[in-house]
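Asker: Please see the structure below; I have some questions.
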Amino acid sequence: MNKGQLDLSPARIFLDADPLVQGVIAVLLLASVVSWSIIIGRAWSIARERRRLARLDALIGELGTPDDLAQACDGPASAAARLGTAIGAEWRWSAEHAVRGYAQLRARVLSVADLAIARESARVAGRTSFLATIGSIAPFVGLFGTVWGIMRSFISIGQSQDTSLAVVAPGIAEALMATAIGLFCAIPAVVGYNRLLHGLGQLETGWRALASRIEVEMSRRFEKVD
């Protein structure tokens with residue numbers, strides 16, 4: 001570096017920044033790490049649940065008894081298996097207590113399926129909603145650091161009575177860096193949140209389709225009453 005040349009590397013900007021701006025940047029970087037951990041963790045969980053849903057869906061064939069359903073669900077723990085187990089438990093209870101009429105059994109099974117799907121949706125979603133919070137707040141936190149950095153630049157100009165680049169550049173640089181880090185944190189969080197919501201929606205649709213397939217197989221064991 002030539003003598004008198006400003007060092008405006010990201011590391012130097014951060015080290016020379018005001019402590020408040022440093023705190024803002026540190027918080028944003030931490031939020032970015034948290035958001036990426038959520039995105040990766042939830043994406044992996046959704047992909048795993050899709051594979052296990054496809055596996056169980058392939059095993060659903062001619063279900064004659066609750067034991068057949070229990071055997072089909074006997075495998076790696078998954079949301080689909082827990083859904084099938086919940087439906088099978090209700091099917092078994094209804095058979096043991098001589099529930100008459102398919103309409104009554106169907107209503108009970110659909111209620112159990114809805115409850116199980118809601119529970120599994122919340123479990124798989126985890127802290128996905130936190131991504132929306134990060135995506136909406138991070139730009140404003142970065143903007144706060146930007147305003148503070150610009151204000152610091154004006155204070156430096158007023159104190160030194162000098163408008164040279166050496167006086168103005170550090171404050172402006174740290175201000176822009178806070179904005180950049182805010183966007184760096186917010187954009188992946190928003191994109192990840194939307195993609196995860198899409199994946200969760202597809203997964204829930206698959207669960208409901210599985211419950212419907214099981215219900216169809218069950219209906220073949222009962223005489224429909226008009």
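The values are calculated or read from the model by the stated rules, or taken from the named source; none is laboratory data. Please read all numbers here as calculations on a predicted model, not as lab measurements. Cβ: placed from backbone, ideal geometry, glycine included. Neighbour counts: every protein chain shown.
Asker: Which residues, counting only those in segment 166-188, are within 16 Å of Ser136 (Cα to Cα) and in contact with a helix residue (DSSP H, G or I) (Cβ under 7 Å, 6 or more places away or on another chain)?
Answerer: So in segment 166-188, the residues within 16 Å of Ser136 (Cα to Cα) come out as 178-188.
Listed by number, the residues that qualify are Ala178, Thr179, Ile181, Gly182, Leu183, Phe184, Cys185, Ala186, Pro188.
Asker: Would you mind finding the one in Ala189, Ala132, Ala138 that is surrounded by fewer than 17 Cβ atoms within 10 Å (Cβ to Cβ), among the small types (Gly, Ala, Ser), modelled with pLDDT of 90 or more and under 30 Å from Pro10 (Cβ atoms)? Walk me through it before giving the result.
Answerer: Values: Ala189 fails: surrounded by fewer than 17 Cβ atoms within 10 Å (Cβ to Cβ); Ala138 fails: surrounded by fewer than 17 Cβ atoms within 10 Å (Cβ to Cβ).
That would be Ala132, the only listed residue that is surrounded by fewer than 17 Cβ atoms within 10 Å (Cβ to Cβ), among the small types (Gly, Ala, Ser), modelled with pLDDT of 90 or more and under 30 Å from Pro10 (Cβ atoms).
Asker: If a residue must be within 18 Å of Asp68 (Cα to Cα) and either at pLDDT below 75 or outside any helix (DSSP H, G or I) (or both), how many such residues does segment 95-113 contain?
Answerer: 2
Asker: So Ala122 passes all but one of these: (1) farther than 23 Å from Leu20 by Cα; (2) buried (at least 20 other Cβ atoms within 10 Å of the Cβ). Which condition number does it fail?
Answerer: Single failed check for Ala122: (2).
Asker: In segment 119-156, how many residues are within 16 Å of the chain's Cα centre (by Cα) and either among the basic types (Lys, Arg) or part of a helix (DSSP H, G or I) (or both)?
Answerer: Taking segment 119-156 first, the residues within 16 Å of the chain's Cα centre (by Cα) are 119-136.
Next cut, either among the basic types (Lys, Arg) or part of a helix (DSSP H, G or I) (or both) only: 119-125, 127, 129-136.
Of the residues in segment 119-156, 16 are within 16 Å of the chain's Cα centre (by Cα) and either among the basic types (Lys, Arg) or part of a helix (DSSP H, G or I) (or both).
Asker: Hey, another quick one. When you look at Glu90, is it under 25 Å from Gly199 (Cβ atoms), of a type in the set (D, E, K, R) and in contact (Cβ under 8 Å) with a residue 12 or more places away in the chain, yes or no? Steps first, answer last, please.
Answerer: Values: under 25 Å from Gly199 (Cβ atoms): no; of a type in the set (D, E, K, R): yes; in contact (Cβ under 8 Å) with a residue 12 or more places away in the chain: yes.
No.
Asker: For segment 55-70, check the following and say yes or no: at least one residue is out of contact with any strand residue (DSSP E or B) (no Cβ under 6 Å at 6 or more places or on another chain), among the small types (Gly, Ala, Ser) and modelled with pLDDT of 85 or more.
Answerer: There is no residue in segment 55-70 that is out of contact with any strand residue (DSSP E or B) (no Cβ under 6 Å at 6 or more places or on another chain), among the small types (Gly, Ala, Ser) and modelled with pLDDT of 85 or more.
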